[in-house]
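Chemist: Questions regarding the structure given below will be posed in turn.
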Amino acid sequence: MAALFQAPTAFSSSNSLDSNKFNHSPSPRSLSERKSSILTVRSDARSNPLLNSAAHKPHRFITNAVATKPDTSLASTSSKPGHELLLFEALREGLEEEMERDPRVCVMGEDVGHYGGSYKVTKGLATKFGDLRVLDTPIAENSFTGMGIGAAMTGLRPIIEGMNMGFLLLAFNQISNNCGMLHYTSGGQFKIPVVIRGPGGVGRQLGAEHSQRLESYFQSIPGIQMVACSTPYNAKGLMKAAIRSENPVILFEHVLLYNLKDRIPDEEYVLSLEEAEMVRPGEHVTILTYSRMRYHVMQAAKTLVNKGYDPEVIDIRSLKPFDLHTIGKSVKKTHRVLIVEECMRTGGIGASLTAAITENFNDDLDAPIVCLSSQDVPTPYAGTLEEWTVVQPAQIVTAVEQLCQ
Amino acid sequence: MSFSATNFAQPRPVPVGVRSNEKPLSSDASRFRFRGPPSFLGSPHSLRFKPIPPFKLAIPHSQRSAASSVTHIANGKMVKSSANLLITKEEGLELYEDMILGRFFEDMCAQMYYRGKMFGFVHLYNGQEAVSTGFFKLLKKEDTVVSTYRDHVHALSKGVPARAVMSELFGKATGCCRGQGGSMHMFSKEHNVIGGFAFIGEGIPVATGAAFSSKYRREVLKEAGADQVTLAFFGDGTCNNGQFYECLNMAALWKLPIIFVVENNLWAIGMSHLRATSDPEIWKKGPAFGMPGVHVDGMDVLKVREVAKEAIERARRGDGPTLVECETYRFRGHSLADPDELRDPAEKARYAARDPISALKKYLFENKLASEQELKSIEKKIDEVLDDAVEYSDESPLPPRSQLLENVFADPKGFGIGPDGKYRCEDPKFTQGTAHV
């Protein structure tokens, strides 16, 4: 059950992120008031990350998974070098910090307490905060999700963990009817600041029911926000942002990314829920992706760079709503869009994104948008079949080559 | 409790085509239906507490028989007379006024619906007022209530002004939910009414969450006096739904301060409770999960009140949840769209004779707690309240276009960042409802 996945060798080269320094600038700009001790990172426009300029001037945040443009501004403004940890530890750190900060924050889910979470995201928290704050629930997703919603309406800030995102299909009634709707139906009287999180996505031969991608099912629900984390840095930042948000947020984690190791800052930071992340700036084509596919894209990017292409890679992070500013700027620059996602083809995030880009930036496109998604099949058990269900780096390379002809 | 052997030893006849609960089901079912002339207010015969071995209930008098427990409670509230009355005059008038408000309001709703002032599905509560009044008049303002689509009277009894409820039904901007909820979604933060749910069973987990909040406040946040109780109301049809059982389990497991009130009116639209349920005695499902299950005559406001008092005090003390099954009846159809042709007129007549309002009136007269005059003046007052509510609602404005997007998110940043780099909600046209989303 609680299989801790080794980071697959497929992207081990891009995985050793510790050799590449993170660059980020402390940028306390954001729309909401932030305490001065917290970094709030808004993504960027300018290439110099040290440009700590006036209000609303965005800053670049770069993870150099593939460093093609060596960053000269390595003299980072963060004084400490940060600390290294795995993605699930980053989630835990974010969770722990928020629980310390606000006593109304609590966790509920199956095996989150004494067991520490099936992916160890809540390990040690029950000992520290008690059994009521880290609540082991019976196996009743629909009801404990509803319970979390009721608790949120009456003043608490629960984090509801689905042991696997797929199990939240059982809670769909509560998530769509109550979580998203009640703020509206009550005329704004009750807010529902829940975070619903859990691991999803295609793992290593877990079978169809443990390999679900629920982004597409939840995206039409009005009133919720959806974010997907992909690195330890954004995992912690998004976790904290989701907990602090007054809206219900669904945080999608990926089973295969929990063991990613990276260095994150020591000082506190919160990311913006609505923003996308510029992974690798480029000129020829915009590749939009999220979650695990980011790593397939970056691997393909290495091949593409060797072939002379210059892809711009954006991790959209916010699955609902889309950050049309970052995406739009990129489209206006490159005029070609490739979407790479793990969601199913039909009605997935890519489909919505294609529609949104066509609606808003049709004049800026030189070619039709290409969307690479998983096949519309229940994920097979056999390794070979499973590999062909999701998008592989070779397909990404081919797609870019075709797009850029 | 252990298995009832009669369930297996005497298979009950499958009640095909049964239209009332007249047919005897088994010897156990005598608890379920009434034998002989229905005994009314203050009668102990239908009060049943089920102490659950090996759980020890903290209340000493649960060990006594039901009859004496009623007397005990009654003794606590006794008016100084040998008559052993259950209520004082003020309480009696309060109960009467609340039930009249519920009844007249629902009648007014029907009128307004047929005049085209309100639309959609409207579910009226006529006949069930004893349950609502019996429970609500014992609650504090901080206590939380969760209901179903038959929620007008629950909202009114909790204290939501008739004006707010009526204009919500008319779909006006002055409604308690700004016109966005409607008949089936009554919410009030001020009075702690958290729904109003259209799907049955959907509110029960939410109620469990509210009870969890209360326990959390008491034990984690250490708030003094955090003893708010939550009441979850739902019907007989809901008792076959998974969410009900999941929440009974969790509530008993964590001893949440919640009371599950089943308004068993025997019909789920056109489905008789007996045709849908393998064991129709819903109160029995409480002990199966480790909480007391009580069956009470839901047409008798004083009996309901006595049971409610016990259950609420139990929850407030921290002793955990209770399941209360109120046997009641709705005089009208399931909703205003239901022609109500399926129910046996004889059954309807039987229950009409047990109208809770008439029953309370009789009790008040017989025990010299109120005069005809006083009750008439209450009715007149309520008539005026309702006329005012209708007038207010008629004159209230409809929601403007700009209201459409206002409450989708508590934090409107959730609408995201537009192509121009600004949050969409910063766009001035957005608040006017004309911006593109």
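The values are calculated or read from the model by the stated rules, or taken from the named source; none is laboratory data. In this text the structure is predicted, and so the values were computed from the model without any measurement. Quick reminder, even Gly has a Cβ in these numbers, built from the backbone with ideal geometry, and neighbours come from all protein chains shown.
Chemist: Mind telling me which of the residues B:Leu221, B:Leu248, B:Leu274 ends up being more than 24 Å from B:Lys137 (Cα to Cα), surrounded by fewer than 20 Cβ atoms within 10 Å (Cβ to Cβ) and of a type in the set (A, V, I, L, M)?
Modeler: B:Leu221
Chemist: Here is a list of conditions, (1) modelled with pLDDT under 95; (2) over 27 Å from A:Val279 (Cβ atoms); (3) within 13 Å of chain B (Cβ to nearest Cβ); (4) surrounded by fewer than 23 Cβ atoms within 10 Å (Cβ to Cβ), and A:Gly180 meets all of them except one; can you say which number that is?
Modeler: Going through (1) modelled with pLDDT under 95; (2) over 27 Å from A:Val279 (Cβ atoms); (3) within 13 Å of chain B (Cβ to nearest Cβ); (4) surrounded by fewer than 23 Cβ atoms within 10 Å (Cβ to Cβ) one by one, A:Gly180 breaks only (4).
Chemist: Any chance you could count how many residues in region A:211-223 are more than 15 Å from the chain's Cα centre (by Cα), surrounded by fewer than 22 Cβ atoms within 10 Å (Cβ to Cβ) and part of a loop (DSSP other than H, G, I, E, B)?
Modeler: Here the count works out to 4.
Chemist: Right, B:Lys89: at pLDDT below 95, within 23 Å of B:Asp387 (Cβ to Cβ) and out of contact with any strand residue (DSSP E or B) (no Cβ under 8 Å at 6 or more places or on another chain) or not?
Modeler: no
Chemist: Here are some residues: A:Val377, A:Val391. Which one is in a loop (DSSP other than H, G, I, E, B), surrounded by 17 or more Cβ atoms within 10 Å (Cβ to Cβ) and of a type in the set (A, V, I, L, M)?
Modeler: A:Val391
Chemist: Here is a follow-up. Tell me, which residue of region A:332-356 that is of a type in the set (A, V, I, L, M) and within 23 Å of A:Leu214 (Cβ to Cβ) is modelled with the lowest pLDDT?
Modeler: A:Met344
Chemist: How about region B:392-410: which of its residues are surrounded by fewer than 17 Cβ atoms within 10 Å (Cβ to Cβ), part of a loop (DSSP other than H, G, I, E, B) and without any contact (Cβ under 8 Å) to a residue 60 or more places away in the chain?
Modeler: Matches in region B:392-410: B:Leu404 only.
Chemist: What pairs can you find where one residue is in region A:88-104 and surrounded by fewer than 17 Cβ atoms within 10 Å (Cβ to Cβ), the other is part of a loop (DSSP other than H, G, I, E, B) and not hydroxyl-bearing (Ser, Thr, Tyr), and their Cβ atoms are less than 6 Å apart, with a gap of 6+ or different chains?
Modeler: These pairs meet every condition: A:Pro103/B:Leu221.
Chemist: Provide a single number: the residues in region A:224-250 that are part of a strand (DSSP E or B) and within 14 Å of chain B (Cβ to nearest Cβ).
Modeler: 5
Chemist: Quick check on my filter: what residues within region B:336-395 are of a type in the set (S, T, N, Q) and in contact with a Phe, Trp or Tyr (Cβ under 6 Å, 6 or more places away or on another chain)?
Modeler: B:Ser393
Chemist: Assuming B:Gly195 fulfils every condition listed in (1) more than 10 Å from chain A (Cβ to nearest Cβ); (2) within 21 Å of B:Met99 (Cα to Cα) apart from one, which condition is it?
Modeler: (1)
Chemist: Taking into account only those residues within region B:404-419 that are out of contact with any helix residue (DSSP H, G or I) (no Cβ under 7 Å at 6 or more places or on another chain) and facing chain A (nearest Cβ under 9 Å), which is modelled with the lowest pLDDT?
Modeler: The extreme case among them is B:Glu406.
Chemist: If you go through region B:151-163, how many residues are surrounded by 24 or more Cβ atoms within 10 Å (Cβ to Cβ) and not acidic (Asp, Glu)?
Modeler: 7
Chemist: I would also like to ask the following. Residues in region B:200-210: is at least one in contact (Cβ under 8 Å) with a residue 12 or more places away in the chain and over 21 Å from the mean Cα position of the chain (by Cα)?
Modeler: The answer is no; no qualifying residue exists.
Chemist: What is the one condition in (1) without any contact (Cβ under 8 Å) to a residue 12 or more places away in the chain; (2) surrounded by fewer than 19 Cβ atoms within 10 Å (Cβ to Cβ); (3) within 14 Å of chain B (Cβ to nearest Cβ) that A:Phe172 does not satisfy?
Modeler: (1)
Chemist: Can you pull out the residues in region A:114-145 that are acidic (Asp, Glu) and in a loop (DSSP other than H, G, I, E, B)?
Modeler: Correct list: A:Asp131 only.
Table: residues versus (1) touching a Cys at 6+ places or on another chain (Cβ under 6 Å); (2) within 7 Å of another protein chain (Cβ to nearest Cβ); (3) at pLDDT 95 or above.
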site	(1), (2), (3)
A:Gly117	no, no, no
A:Lys128	no, no, yes
A:Asp136	no, no, yes
A:Met147	no, yes, yes
A:Ala151	no, yes, yes
A:Pro158	yes, no, yes
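Chemist: Of all residues in region B:150-187, count the ones that are outside any loop (DSSP other than H, G, I, E, B) and small (Gly, Ala, Ser).
Modeler: Selection size over region B:150-187: 5.
Chemist: Another question, if that's okay. Can you pull out the residues in region A:343-387 that are of a type outside the set (A, V, I, L, M, F, W, C), within 14 Å of another protein chain (Cβ to nearest Cβ) and without any contact (Cβ under 8 Å) to a residue 12 or more places away in the chain?
Modeler: Residues satisfying the conditions are A:Thr358, A:Glu359, A:Asn362, A:Asp363.
Chemist: Also, quick follow-up: If B:Leu336 passes every condition in (1) more than 14 Å from chain A (Cβ to nearest Cβ); (2) under 30 Å from B:Gln111 (Cβ atoms); (3) at pLDDT 95 or above but one, which one does it miss?
Modeler: Of (1) more than 14 Å from chain A (Cβ to nearest Cβ); (2) under 30 Å from B:Gln111 (Cβ atoms); (3) at pLDDT 95 or above, only one is false for B:Leu336: (3).
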